[in-house]
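The values are calculated or read from the model by the stated rules, or taken from the named source; none is laboratory data. The structure displayed is predicted, hence computed values, not measured ones. Don't worry about glycine lacking a Cβ; one is built from the backbone with ideal geometry, like all the others, and counts go over all protein chains shown.
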Amino acid sequence: MITEVKYFYEKTDQDYEMYDRLWDENRERFVFHGNVMGGSTPKQQRGMMIQQLTPNKDILAIRWTKMNWIHKNKIINDILLGRGFIYKTQTWYPKEIWIYNPMV
């Protein structure tokens, strides 16, 4: 399975407006990763993701986090390595991963 990864870096007010509109238009497709500014445990992250999963969700959305945290996260790495997100007796494979990080 091929997963497309999109990075959104905000540099201008126009970037913010465009990204915000794009994210709002696709919100019903998102499973938000359970990273609360890097403070949640892997178990909490899994639980938050499982609660959001429905058949029409095909984008893993990650906002407001540091790139080094993303590279170390087991859930994200399993998806990037093609293993998907395994929960209960199922595996979820997102079509895309969207990573938003404002340039502050």
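For region 49-65, the set of residues classified as touching a strand residue (DSSP E or B) at 6+ places or on another chain (Cβ under 8 Å) and either under 7 Å from V31 (Cβ atoms) or not in a helix (DSSP H, G or I) (or both) consists of M49, Q52, L53, K57, D58, I59, L60, A61, I62, R63, W64, T65, listed by residue number. If the condition is being under 18 Å from K66 (Cα atoms), surrounded by 14 or more Cβ atoms within 10 Å (Cβ to Cβ) and more than 15 Å from the chain's Cα centre (by Cα), then region 1-15 contributes only E10. In region 78-104, the residue that is farthest from T12 (Cα to Cα) out of those that are outside any strand (DSSP E or B) and either of a type in the set (A, V, I, L, M, F, W, C) or modelled with pLDDT under 90 (or both) is K88.
Cβ-Cβ contacts under 8 Å between residues 6 or more apart (or on different chains), taken from a first residue in region 43-60 that is touching a residue at least 24 places away in the same chain (Cβ under 8 Å) and exposed (fewer than 10 other Cβ atoms within 10 Å of the Cβ) to a second residue that is of a type outside the set (F, W, Y) and assigned to a helix (DSSP H, G or I), are listed as N56/E28; N56/R29.
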